[in-house]
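Enquirer: The structure under discussion is supplied below as structure tokens; questions concerning it will follow.
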Amino acid sequence: DEVPKRILSIQSAVVSGYAGNRASTFPLQLLGYDVSALNTVHFSNHTGYGSFRGFRLTAEQILEQYEGLEENGLSCRHGYLLTGYVPGEEGVMAVGQIAERLRNERKRMGEGLMWVCDPVMGDQGRLYVSQGCVEAYKDIIRSADVITPNQFEAETLTGLTITSLPTLRTAMTALHEAYGVKHVVITSIQLPSHPDSLICAGSTQTPGKHMHAQFWYQVPKQPGFYSGTGDVFAALLLAHLDAGSLAEGGALQIVVRKVLSTLSSILSRTRKGMEEELQTSSTDLDRNEKEEKVRVIRAAELRLVQSQEAIL
Ligand code: ATP
Ligand code: MG
Ligand code: NA
Ligand code: MG
């Protein structure tokens, strides 16, 4: 048997439903990875419900868990690092420190580390972290191998606005140039020229060449709003990037195609389950608007367990 492929995944956790580590772990395990989940927040459910209970871990608490791994010779066994939502500026800096410590520890062993960093800061024109967090991300993504911002996050990191395919190219180039990150994937972009699609684009830095290897895909927009899709995206990207050769150019494009195809299947399965659930759940005429909204959000939880075949 081969040496286990181990991923340290630093993300949020929910008790019920799928987001953060709860969305990433199962697909990664299914694809043959051992996943060590370090949770940054622990909530009852994802924040899209409008109300949730639980707690956020401080930077110290995040670091402390990592130090426990170090003490037992566990940290250095991870050849992959996946990071997602982290609450607060200090927490983001702690994740940057963990990445640096892990990379150095691996280097001393003559081993490498691949870090996929999802700089979770906001979406749909809305920043849901502090400005300090943004600055902390601008600092830590310099040592990431792959970043997976959405449109809003890419705009926040570059100060550019993406309104067209040419401005999309410019933004990806700016991310390479400003932060030196080798692979950039902008996971979802909405362009006025493509009103019924989500665009997903990627770019691999090609040093010495004038042009970076860039590509974009168009995905039909499915009705509804789903949580955890960005987290599944980053997890699948890591898994398939590792499996495929990281050859210059081409490779990222093929990996992203696979990820988009899997996500499209997961969303179709989710929509089917959602329709069934909404038909069978009680039709209480007295239900108010808020209750109705939560009923739909509950029904829209990703059908990950039911999508095993698509993931495989
Ligand atoms: P993050 O949440 O990590 O910051 P993000 O906002 O780009 O990133 P999503 O908006 O969930 O994350 O998009 C991730 C991927 O999920 C998209 O590339 C697309 O493949 C898929 N996806 C999400 N929502 C839809 C949808 N309504 N229709 C079709 N595909 C979707
Ligand atoms: Mg989004
Ligand atoms: Na993303
Ligand atoms: Mg997200």
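The values are calculated or read from the model by the stated rules, or taken from the named source; none is laboratory data. These numbers were taken from a predicted model, which means no experiment stands behind them. All Cβ positions, even for glycine, are placed from backbone atoms using ideal geometry, and neighbour counts span all protein chains on display.
Enquirer: I want to confirm something. Restricting to the stretch 218-232 and keeping residues that are outside any loop (DSSP other than H, G, I, E, B) and within 18 Å of the chain's Cα centre (by Cα), which single residue is nearest to ligand 4 (Cβ to nearest atom)?
Expert: Top of the filtered list is GLY230.
Enquirer: Here's another thing I want to ask about it. Quick check on TYR128: is it in contact with a strand residue (DSSP E or B) (Cβ under 6 Å, 6 or more places away or on another chain), at pLDDT below 95 and within 16 Å of ligand 3 (Cβ to nearest atom)?
Expert: Values: in contact with a strand residue (DSSP E or B) (Cβ under 6 Å, 6 or more places away or on another chain): yes; at pLDDT below 95: yes; within 16 Å of ligand 3 (Cβ to nearest atom): yes.
When the stated conditions are applied, TYR128 passes them.
Enquirer: If you don't mind, another one. For the condition surrounded by 16 or more Cβ atoms within 10 Å (Cβ to Cβ), within 16 Å of ligand 2 (Cβ to nearest atom) and farther than 30 Å from GLU90 by Cβ, what is the one hit in ALA201, ALA213, ALA234?
Expert: ALA201
Enquirer: Step by step: first the residues of the stretch 74-126, then only those that are within 16 Å of ligand 4 (Cβ to nearest atom), within 18 Å of SER24 (Cβ to Cβ) and in a strand (DSSP E or B), then the one that is farthest from the chain's Cα centre (by Cα). Which residue is that?
Expert: Checking each candidate, the answer is ASP123.
Enquirer: Continuing with the same structure: Mind telling me which of the residues ARG257, ARG298 ends up being over 18 Å from the mean Cα position of the chain (by Cα), in a helix (DSSP H, G or I) and either modelled with pLDDT under 95 or among the charged types (D, E, K, R) (or both)?
Expert: ARG298
Enquirer: Which one of the conditions (1) over 26 Å from ARG257 (Cβ atoms); (2) within 16 Å of ligand 1 (Cβ to nearest atom) does ILE98 fail to meet, given that it meets all the rest?
Expert: (2)
Enquirer: Please go through the stretch 128-184 and give me each residue that is within 16 Å of ligand 2 (Cβ to nearest atom) and among the charged types (D, E, K, R), ordered by number.
Expert: Across the stretch 128-184, the qualifying residues are GLU153, GLU155.
Enquirer: Just for the stretch 127-162: of the residues that are part of a loop (DSSP other than H, G, I, E, B) and surrounded by fewer than 23 Cβ atoms within 10 Å (Cβ to Cβ), which one is nearest to ligand 4 (Cβ to nearest atom)?
Expert: Of the residues in the stretch 127-162, the ones part of a loop (DSSP other than H, G, I, E, B) are 128-130, 144-145, 148-150, 159-162.
Right, trim to surrounded by fewer than 23 Cβ atoms within 10 Å (Cβ to Cβ) and you get 128-130, 145, 159-161.
Values: TYR128: 10, VAL129: 12, SER130: 17, ASP145: 20, GLY159: 21, LEU160: 21, THR161: 20 Å.
Selected residue: TYR128.
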